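Data first, discussion second: the structure below is written as structure tokens.
A short reminder: the numbers here are calculations on the coordinates, not readings from a lab. Only a predicted model underlies this, so the values are computations on that prediction, with no experimental measurement involved. Methodologically, a virtual Cβ is constructed for each residue, glycine included, from the backbone with ideal geometry; neighbour enumeration extends over all protein chains shown.
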Amino acid sequence: MEAFEKKELPKLKVGIPEALHYYRYFPFWKKILEELGAEIVLSGPTNKNIVEEGVQQGFGELCIPIKIYYGHVLKLFREYPDLDFIFVPRYVSEVKDAFFCPKFISLPDIVKILPNCPKILNFEVNVKEFPIRTAAIELGKQLGKGQTRSLEAYNTAKKYFKEYHDFLRDGAQVNHALRLVKRDLPFKLPKKQKKGDIRFLLLGHGYNIFDTYINLDFQKKLTDQGIDVITIENLPKKVFKIPVIINKKLRNYWIHEEEILQSIRYFFTEGKDEIDGVIFLISFACGPDSIISELIMRDMKVVGLPFLEIIMDEHSGEAGLLTRIESFTEMISRKKKKLQGELGKGKVS
């Protein structure tokens, strides 16, 4: 009998908006979707048109990251009409003691009502109800894959995601690591640059810190002034193992805010000599961030660490932002020089 090769079906095209959870989970998403035979189409970096279209679509009370997400989704609809799916995961709970923001939980439902929306490819993470591997099996079903294939894809993606996080803990910046992921390149740190005399912890959610359009390339503005910058992604895993108890009656139940508070606790204790100041980037109209920012600011006063809060929205201007950074940096630089001078004269023990 003549042997015939089995004809391979064309890959399903899956669109992913480069916004919100993209900055946190894209390496995992990319790996699991590709292992399930999908072709990934990205919306590209945020730009002026994306922001303007997202702002028009979103109502006033929404925070700017959600409006930006709308803009990315609409760009995918418009530029890739042949998409089979748009990937809009629903993150409810990744740990049993905390939730994601309700605006993120409702994303698949909101995206469905946008005009010309293709089919939603859902991936629901809700460990309060079922393990993540169950979500992976359901994801595979939507792409026509069986349980075994789906679990293999999940395990491969989980392993790759761990390698990605290990790379960040070795000192890699998120945007550099994401570029390597996009290009399927091995994780390799860039050549060491000269370290500055001042080191800042840059606090905030990934979509605020690493979207260089909406934050006006904030991190580069710091490094251009010779400042070393670390983010919570660079911190040791042990920092995030113990929950923060605000008082006997109050515990934080927002997962992103919990991570921010855990990182701050580390710099109050064993890491207090590792940084010279903290900058917290916050989206306008983010209620949870505004609450924990007040708590952090009070604690900073107690330990004597300089703290700067910067609130961003679609109207943020570069000139005012640069002035605040320069003033904050100059203040800390003078403080350090004064302290070093006193140490040199033996005035400080």
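Values for this structure:
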read-out: Protection proxy ranking of 152-160, 297-305 - average other beta-carbon atoms within 10 Å, highest first; value: 152-160, 297-305
read-out: Rg to Rh quotient for the stretch 12-169, alpha carbon positions, Kirkwood Rh; value: 0.96
read-out: Extension gain (nm, one decimal) between Ser290 and Lys191, 0.36 nm per residue minus Cα-Cα; value: 31.9 nm
read-out: Rounded if a/c under 1.5, otherwise prolate or oblate - the stretch 38-114, Cα gyration tensor axes; value: oblate
read-out: Where a label projected 7 Å from the Cα of Glu129 along Cα→Cβ would reach, residues of the stretch 81-105 with amide N under 13 Å; value: 90-94, 105
read-out: Cα gyration tensor, the stretch 193-344 - rounded (a/c under 1.5), prolate or oblate; value: oblate
read-out: DSSP-defined beta bridges in the chain - what % are antiparallel, rounded to 5; value: 5 percent
read-out: Percent of C-alpha pairs per 5 Å bin, the stretch 149-257, short to long; value: 2, 9, 15, 20, 19, 15, 10, 6, 3, 1, 0
read-out: Computed lengthening from Lys11 to Lys241, 0.36 nm per intervening residue step minus Cα-Cα distance; value: 78.8 nm
read-out: Sorted by Cβ neighbour density within 10 Å, fewest at the top, the residues Ile232, Ile68; value: Ile232, Ile68
read-out: Residues whose placed amide H lies under 5 Å from that of Leu12, excluding near-sequence neighbours; value: Glu39
read-out: HN-Hα J in Hz across the stretch 320-333 - Karplus 6.51, -1.76, 1.60, θ = phi - 60°, x for Gly and Pro; value: x, 5, 5, 4, 5, 4, 4, 5, 4, 5, 5, 4, 5, 4
read-out: Relative exposure of Lys188, Lys145, judged by other C-beta atoms within 10 Å (fewest first); value: Lys188, Lys145
read-out: Packing-based order for 262-268, 46-52, using average beta carbon neighbours within 10 Å, highest first; value: 262-268, 46-52
read-out: Gain in span if fully extended, Lys96 to Thr323, counting 0.36 nm per residue against the direct Cα distance; value: 77.5 nm
read-out: Proxy reagent accessibility, fewest Cβ within 10 Å first, across Leu114, Leu308; value: Leu114, Leu308
read-out: Separation in nanometres of the label points that stand 7 Å from Cα toward Cβ, at Lys335 and Asp82; value: 5.7 nm
